[in-house]
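Asks: Got a structure for you, questions after.
Rule-based calculations on the coordinates, nothing more; no lab input. Worth saying up front: this structure is predicted, and the values here are computed from it rather than measured. Cβ atoms come from the backbone with ideal geometry, glycine included; neighbour counts cover every protein chain shown.
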Amino acid sequence: MSLPLEDRVALEALCYRYNVANDERDADAYVALWLPDGCWNGPFGRYEGHAALRRLIAELDANEAFAGIRHWPNNIVIEGAGDHATVVLDNLLVQATPAGPRLASLSRSEASLVKIDGRWLFRERTIRLVEPVS
């Protein structure tokens, strides 16, 4: 059984809200998208639980290297059934600079999500940077 269209749309919107909350460094909005024991794994480490996810946003906010960054999601693949789903997508991170936009990184995100009381939430999200070609 596949996910109904309304769930697919809700999952895509959730991914966009995740990116906006991250880009705006809005820890409250960001944490609200996660299960209480949700886990983010990525190039900066592992952050498990709401307190750790808040710390992730604070660390990004404090790092000048991430100023002006915006996520640009692409190639979204949504699969699942019932109250469980996976979302895989590519993210371009674009940074606004005085010289114009600069591609900061390219990554692939794999997430598992659950639907609780009609609302989709992240259980786990793993980010892997795409390695440059030599």
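Asks: How would the chain be classified by its alpha-carbon gyration tensor: rounded, prolate or oblate, with rounded meaning a/c under 1.5 and the a/b versus b/c comparison settling the rest?
Replies: The shape class here is prolate.
Asks: Using a cut-off of under 13 Å, list every residue of the stretch 95-117 whose amide N is near the label point 7 Å from the Cα of Glu12 along the Cα-to-beta-carbon line.
Replies: Correct set: none at all.
Asks: While we're on this one: Only helical DSSP H runs with n ≥ 4 go in: add -39500 (n - 2.57) per run for the chain, normalise by residue count and round the 222 nm mean residue ellipticity to 500 deg cm²/dmol.
Replies: -8500 deg cm²/dmol
Asks: When only Cα pairs under 8 Å and 6 or more residues apart are kept, what is the percent relative contact order across the chain?
Replies: 24 percent
Asks: Here's a follow-up. Using the Karplus equation 6.51 cos²θ - 1.76 cosθ + 1.60 (θ = phi - 60°), what ³J(HN,Hα) coupling, rounded to whole Hz, does each residue of the stretch 77-86 give in order, writing x for Gly and Pro?
Replies: So the Karplus estimates, Gly and Pro as x, are 10, 10, 9, x, 7, x, 10, 10, 8, 10 Hz.
Asks: Among DSSP beta bridges whose residues both lie in the stretch 26-134, state the antiparallel percentage, nearest 5.
Replies: Counting only bridges with both partners in the stretch 26-134, antiparallel ones make up about 90 percent.
Asks: Calculate the FRET efficiency for Phe66 and Ser134 from the Cβ-Cβ distance with a Förster distance of 25 Å, rounded to the nearest 0.05.
Replies: Calculated value: 0.45.
Asks: For the chain, modelled as a Gaussian network with Cα springs under 10 Å, which listed residue fluctuates most, Asp117, Asp37, Asp90?
Replies: Comparing Asp117, Asp37, Asp90 in a Gaussian network model of the chain, the most mobile one is Asp117.
Asks: Tell me whether the stretch 35-108 comes out rounded, prolate or oblate; compute the Cα gyration tensor, take square roots of the eigenvalues as a ≥ b ≥ c, and use a/c under 1.5 as the rounded threshold.
Replies: It comes out oblate by the Cα gyration axes.
Asks: So for the pair Val20, Val94, with labels modelled 7 Å out along Cα→Cβ, what separation do we get in nm?
Replies: It is 1.7 nm.
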